[in-house]
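Visitor: Please find one structure pasted underneath; my questions will follow.
Read-outs throughout are calculated quantities, based only on the coordinates presented, and are distinct from any laboratory measurement. Since the model is a prediction, treat every value here as computed from it, not as a measurement. Here Cβ is always computed from backbone atoms with ideal geometry, including for glycine, and neighbour counts include all displayed protein chains.
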Amino acid sequence: MPSNQSKQHPYAVYSSGEDVKQPVALTKIPAKFVSYSHTVFAYCAFFIALGVGCATHYEKIVRNEFYGYPDEWFPSVSATTGDRYPARAIFQIFIALTSGPRFALVFLWFWLTTRSTLTSSKGFGNFLLGVGLVRTVACGGWVYITSSDDHLTHDIAMVLYLLCTLPWQIGVLSTSDKKNPAAVRWRRFFTFAFFTTLPPMIYYFIQHKVKRVPGAYTTYAFFEWSLILYDVAFDAVTALDFQNFELFVVDVTHGSNFAPASTEEGTSTVTEPKDAVSSSLLRALADIRGYIADVYLAFVFWSMLTALALLIWYFPLFNMGISGYEAFLIVTISPMFLGIGSLRRLVARYRGVFHLLSLAGVASYMLPEPPVRLATSAFGISVSMLTWCATWLESKDNAAELDRNIVVWGLGLLVHNLVKLTWWTENPIWPIMKPSVGGQNQIGLVLGIIACAEMLVRDSLKTVQIKQSKPTKSAATKDSWLFAAVGFGSLLFSLHSMFSDSSTIMRWVVDGYPNPGPEPVPWGVATIAALGLGMVIYPMRSFVVGYIWYAVGCGACLAFYNLPGWNGYYGGLVLGAYLTSVTPALIRSVVSHPPFKTLLTATMVYNLLCLAHVWVVAYEFVPGGVYARERTNWIFSCVMIFLGLGIMNAQKSTASHQSVRLNAIRSTRRYTRFFLVAILALSGLASFSRTSLAKTPEPYRPADKAFTAGIWTIHFALDNDMWASETRMRDVIRDLELDVVGLLESDTQRIIMGNRDWAQYIAEDLGYYVDFGPATMKHTWGCLMLSKFPIKKSTHHLLPSPVGELACAIHATLDVYGQDVDFIVSHNGQEENLLDRRLQTTELARIMRESTNPFVFLGYVVTKPHEEIYQILYQDGHINDIDITDHDRWCQYIGYRQLARIGYARVSHGGITDTEIQTGKFQIVDDPASRQEAGYNRRHESSVPQQLRYPDHFRGAGIRHHHYHVLDNEPRYFEQ
């Protein structure tokens with residue numbers, strides 16, 4: 001360009017000597033108008049809706065689920081904008097007008113910061129652009145899908161919007177031009193105001209939702225509206241940055257390329273037809289999309305792996321012994337076939353196809369027959385394991401790609417924990433779930449198909465690039481394939497057994513009241529954070545594979561095994577951080593060796609540890625079980641020794657490849673940190689949501705000082721058709737109005753039970769205090785207590801069991817209407833071991849005999865009425881049988897003393913298990929001198945006050961297959 005034309009506007013019409021016409025600028029728009037319009041439309045949307053809503057439906061929009069006017073007198077944002085016409089329509093129209101400026105604002109900020117020196121990282125600019133776009137779309141989600149339309153979708157969009165606000169505001173602040181101090185100062189102010197408003201807003205929301213304080217929601221609403229002010233004002237500050245920015249409307253019909261952009265006098269640069277910024281943006285979005293798809297498929301892997309043993313467990317559970325279906329565990333050795341080079345390369349090249357095939361494990365919920373469902377799920381996990389291992393093996397020569405594939409696999413475990421925390425420790429895509437019991441299998445399957453499609457497209461584009469260069473072989477190492485194999489096998493077992501649910505390590509070390517240890521909510525977030533910490537420090541190669549860190553891991557394992565409650569949990573947190581930190585190093589070591597023998601050995605170590613993990617508690621039902629009885633310490637010792645061998649082996653490969661890999665993993669590290677922040681934020685929101693929605697325990701009949709107690713053996717919350725049963729359990733417990741219920745065979749915090757804590761769901765939904773009973777580390781099948789009354793103290797007993805399975809009991813003191821009442825929930829040994837049952841019942845009788853409080857016994861005794869064990873229980877324990885005329889009992893019994901007995905009923909299990917529900921109704925006698933034993937004389941129901949009778953809907957055919965049975969198909973009532 002001639003020097004005399006260099007100062008023309010870049011889109012001015014001019015011609016060269018060849019008379020070539022250039023694009024024509026039709027008009028220009030100052031970029032600051034984008035900020036102005038965004039601010040005006042956004043504020044109009046909210047505040048015009050507020051005015052119209054108050055003018056048309058004031059008392060309706062200030063009313064909430066608990067109170068109305070005058071207790072509550074100012075409406076919340078959601079009530080104003082989403083509930084009533086015409087305010088809702090006005091709000092949505094103005095928000096629609098806001099969307100255009102909003103998208104323009106996001107892109108303008110991206111171009112301003114990445115095309116200048118405001119930020120040195122274009123990668124961060126790409127990330128911030130992605131956050132801004134997701135945040136904008138999420139806003140549309142909660143605006144146009146109101147809570148009355150679809151509460152779940154509305155809440156998800158709102159949570160996503162709030163999650164994106166944090167990185168958006170901090171990211172914009174960090175990329176602000178420091179030469180514009182006014183903009184920086186205002187952004188700091190609005191960011192500080194926004195985030196300091198959140199704690200009091202949450203506090204008043206809890207005051208409203210949990211404590212139901214009148215007027216708290218109005219105060220909450222003021223904080224909520226202030227967030228709107230700060231949020232919109234924060235983005236309004238961009239007007240100060242865009243003052244020297246202009247938008248042009250260009251007519252390009254007069255030329256094929258954009259005109260030269262004027263720079264310094266006498267020089268010019270030509271913009272290429274495909275803008276470099278757009279290409280960079282597309283690459284960044286593709287990277288993020290691919291990362292999300294891979295993490296989701298890793299989540300699917302962990303979902304299917306944790307479901308396999310759970311499905312297998314169904315068969316020996318209902319057969320009361322080895323069933324033959326246990327052989328399906330061996331499908332996890334499928335990676336050994338990757339020793340066939342052609343198969344390995346085929347799987348790695350078309351991994352999207354194989355991941356798609358593995359989704360059969362997610363789709364297996366459609367198959368009602370348990371054996372077919374198990375077989376299909378086993379196929380899915382075998383293909384998934386094959387695919388992940390092939391992916392690692394074929395990327396071993398590309399340090400960056402290998403690290404990425406390992407890290408997303410680890411992130412999948414954290415997402416698995418997050419999802420289970422959200423779904424009360426169930427995984428909604430497990431084959432034991434279906435829509436009627438809270439499953440989201442269809443959504444999980446569709447997302448899996450989308451992720452596989454994304455991977456197929458991505459890999460097809462990448463294949464062309466790979467063909468251009470021949471990958472070099474990794475440097476040979478002199479480390480041991482055997483050490484690498486046992487290290488990875490023990491790692492996989494450890495992550496599965498202890499850290500596939502955020503509450504598992506809490507329940508492994510739980511203790512009695514008043515200091516039971518951490519509760520799953522909110523402390524499950526700390527478990528996920530500990531695992532995330534390991535993902536953050538894993539690039540510190542020399543440290544994580546060093547002996548000092550290994551010694552810390554061993555010490556943490558020792559503390560976890562030996563210490564109860566909080567101290568044991570702290571040890572578990574450190575152990576979790578240790579395991580995730582060494583995961584990349586151990587996998588790198590594994591893939592550097594021949595696949596057949598290395599992966600076969602690794603998976604067999606995993607399988608053997610899984611069996612040992614089962615045998616320590618199931619020793620009575622397996623061959624050679626006597627040698628594994630209660631030997632969790634042996635398992636932990638093997639795990640840490642095997643990990644030590646793996647770490648020692650990994651040190652060699654780390655030393656030979658460290659410099660290359662440290663440079664290669666920078667992008668992986670950046671995405672990993674973003675995902676970790678998102679996972680932790682979502683975990684916190686899930687925990688808060690569960691806390692705010694949990695009901696406060698309240699007894700059913702406080703006016704009469706009466707309560708209903710029950711005992712039920714629930715077969716580990718798997719029903720007779722292999723579906724999760726806690727939803728149906730909740731319904732019958734609610735309908736029977738059980739104030740205190742003992743649930744036996746309740747410990748599901750093992751690999752074979754899916755590492756679940758289903759009682760959380762029932763307790764939060766119905767409002768119960770929970771005593772989990774003896775910790776999982778105590779090697780029992782579990783006994784658990786749900787109570788509407790505060791638990792003042794409890795002791796967890798391991799009853800004498802010299803021959804058979806270890807029996808457990810809870811001895812708890814409850815505050816029942818101001819009166820201390822003792823309860824025992826127990827599960828004695830099986831029929832074959834008379835000595836065990838005699839000793840166990842004698843110990844229970846001693847506990848009851850020595851208590852001076854009114855007492856209720858809820859237990860599984862395994863005897864016929866009036867035989868030896870029965871006499872030990874009732875006579876030596878100084879308690880009364882709930883009904884001595886009921887001769888049709890075998891396992892479950894109810895006893896009591898110093899309480900007025902009202903009634904007794906037995907209810908069929910309804911297909912949930914093979915054991916009925918036994919219940920008794922009691923009433924507190926205030927005067928200790930007047931407490932008399934109730935007689936066994938039956939009286940007619942008409943003489944019992946209506947509120948103290950058993951529910952009518954269990955009569956006849958009953959409800960949901962539950963009905964009164966055996967005792968003339970009706971409850972029995974007694975004289976006082």
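Visitor: For the pair Asn180 and Leu948, how long in nm is the line joining their label points, each one 7 Å along Cα→Cβ?
Guide: Here the answer is 7.6 nm between the modelled labels.
Visitor: How big, in percent, is the set of alpha carbon pairs in region 694-973 lying more than 31 Å apart? Don't skip to the end; give the middle numbers.
Guide: Working: 7772 of 39060 pairs.
Of the Cα pairs, 20 percent sit more than 31 Å apart.
Visitor: Oh, and also: Restricting to DSSP loop positions (anything but H, G, I, E, B) with no more than 12 other Cβ atoms inside 10 Å of their own Cβ, which GluC sites (Glu not before Pro) remain in region 804-876? The partial results should precede the final answer.
Guide: Numbers: sites: Glu805, Glu831, Glu832, Glu843, Glu850, Glu867, Glu868; in loops: Glu805, Glu831, Glu832, Glu867.
Listed in order of number, the matching sites are Glu831, Glu832, Glu867.
Visitor: Also: Using helices alone, what [θ] at 222 nm do you get for the chain, with -39,500 (n - 2.57) per DSSP H run of 4 or more residues, divided over all residues and rounded to the nearest 500?
Guide: Working: 28 runs with 519 residues, N = 976.
Helix contribution divided over all residues of the chain: -18000 deg cm²/dmol.
Visitor: Where Rh is the Kirkwood radius over the Cα pairs of region 528-637, the temperature 10 °C and the viscosity 1.306 mPa s, what D in µm²/s does Stokes-Einstein return? List each step's numbers first, then the result.
Guide: Details: Rh = 15.7 Å.
Estimated diffusion coefficient is 101 µm²/s.
Visitor: Report ³J(HN,Hα) in whole Hz for each residue of region 437-442, in order, from the Karplus equation J = 6.51 cos²θ - 1.76 cosθ + 1.60 where θ = phi - 60°; Gly and Pro get x.
Guide: Those phi angles translate into 10, x, x, 10, 4, 4 Hz.
Visitor: Further question: What is the order of Ser395, Ser502, Ser436, fewest Cβ neighbours within 10 Å to most? The partial results should precede the final answer.
Guide: Values: Ser395 19, Ser502 31, Ser436 9.
Sorted ascending by nearby Cβ count, the order is Ser436, Ser395, Ser502.
Visitor: Apply the a/c threshold of 1.5 to the C-alpha gyration tensor of region 811-913 and tell me whether it is rounded, prolate or oblate.
Guide: Values: a/c = 1.64, a/b = 1.21, b/c = 1.36.
Oblate shape, in that a/c is at least 1.5 and b/c is the bigger or equal ratio.
Visitor: Report the extension gain between His961 and Ser667 in nm, rounded to one decimal, defined as 0.36 nm multiplied by the number of residues separating them, less their alpha carbon distance.
Guide: Numbers: separation 294, 0.36 × 294 = 105.84 nm, distance 5.64 nm.
Taking 0.36 nm per residue and subtracting the Cα distance, the gain is 100.2 nm.
Visitor: In addition: Based on alpha-carbon positions alone, could you give the equivalent ellipsoid semi-axes of region 32-244 from the gyration tensor, as √(5λ), descending, whole Å?
Guide: Details: eigenvalues 212, 64, 47 Å².
Listed largest to smallest, the semi-axes of region 32-244 are 33, 18, 15 Å.
Visitor: Roughly how many Å is it from the Cα centre of region 301-334 to that of region 828-853, as a whole number?
Guide: Taking the Cα centre of region 828-853 as reference, the centre of region 301-334 is 34 Å away.
Visitor: Points 7 angstrom from Cα along the Cβ direction at Glu832 and Asn633: gap in nanometres?
Guide: My value for the distance between the label points is 2.7 nm.
Visitor: Listing Glu326, Glu59, Glu72 from the residue with the fewest other Cβ atoms within 10 Å to the one with the most, what is the order?
Guide: Details: Glu326 17, Glu59 13, Glu72 25.
Taking fewest neighbouring Cβ atoms as first place, the list is Glu59, Glu326, Glu72.
Visitor: Listing Tyr43, Tyr161 from the residue with the fewest other Cβ atoms within 10 Å to the one with the most, what is the order?
Guide: On the way: Tyr43 17, Tyr161 21.
Listed from fewest to most nearby Cβ atoms, that is Tyr43, Tyr161.
Visitor: Gain in length, Val137 to Ala55, computed as 0.36 nm per residue apart minus the alpha-carbon separation, to one decimal in nm? Present the calculation step by step, with values, prior to reporting the outcome.
Guide: On the way: separation 82, 0.36 × 82 = 29.52 nm, distance 3.03 nm.
Gain on extension, Val137 to Ala55, equals 26.5 nm.
Visitor: Oh, and also: Express in nm, to one decimal, how much length is gained between Asp820 and Phe318 on full extension, taking 0.36 nm for each residue of separation and deducting their alpha carbon distance. All intermediate terms of the calculation are to be shown ahead of the outcome.
Guide: Values: separation 502, 0.36 × 502 = 180.72 nm, distance 3.86 nm.
Length gained between Asp820 and Phe318: 176.9 nm.
Visitor: Between Ile93 and Ile443, how many nm apart are label points set 7 Å from Cα along the C-beta direction?
Guide: Taking the simple label geometry, Ile93 and Ile443 are separated by 3.3 nm.
Visitor: What pairs from Lys211/Lys792; Lys209/Lys434; Lys597/Lys652; Lys778/Lys921; Lys420/Lys705 go past 28 Å between their alpha carbons?
Guide: Numbers: Lys211/Lys792 21 Å; Lys209/Lys434 30 Å; Lys597/Lys652 20 Å; Lys778/Lys921 32 Å; Lys420/Lys705 38 Å.
In this structure, Lys209/Lys434; Lys778/Lys921; Lys420/Lys705 lie more than 28 Å apart at Cα.
Visitor: Still on this structure, please answer the following. Mind listing the long-range amide H neighbours of Leu799? Cut-off is under 5 Å, sequence gap 5 or more, other chains count too, H placed in the peptide plane at 1.01 Å from N.
Guide: For Leu799, whose amide H was placed from the backbone, the distant partners under 5 Å are Ala807, Cys808, Ala809.
Visitor: Oh, and also: How large, in Å, is the chain by the Kirkwood hydrodynamic radius built from its alpha-carbon pairs?
Guide: Numbers: mean 1/r = 0.0316 Å⁻¹.
Across the chain, the inverse of the average 1/r is 31.6 Å.
Visitor: Calculate the length of the line joining the C-alpha centroid of region 771-818 to that of region 178-239, in whole Å.
Guide: If you average the Cα positions of each part, the centres end up 46 Å apart.
Visitor: Here's another thing I want to ask about it. If you place +1 on the Cβ of every Lys and Arg, -1 on the Cβ of every Asp and Glu, and leave all else neutral, what size is the dipole of the chain about its Cα centre, to the nearest 20 Debye? Intermediate results must be reported in sequence, preceding the final value.
Guide: Details: 80 positive and 79 negative charges, 714 e Å.
Rounded to the nearest 20 debye, it is 3420 debye.
Visitor: Using θ = phi - 60° and the Karplus form 6.51 cos²θ - 1.76 cosθ + 1.60, what ³J(HN,Hα) does each residue of region 161-171 get, whole Hz, x for Gly and Pro?
Guide: 4, 5, 5, 6, 5, 4, x, 5, 5, 5, x
Visitor: PRE reach from Asn398 (point 7 Å along Cα→Cβ): which of region 283-306 fall under 14 Å by backbone N?
Guide: 287, 290-291
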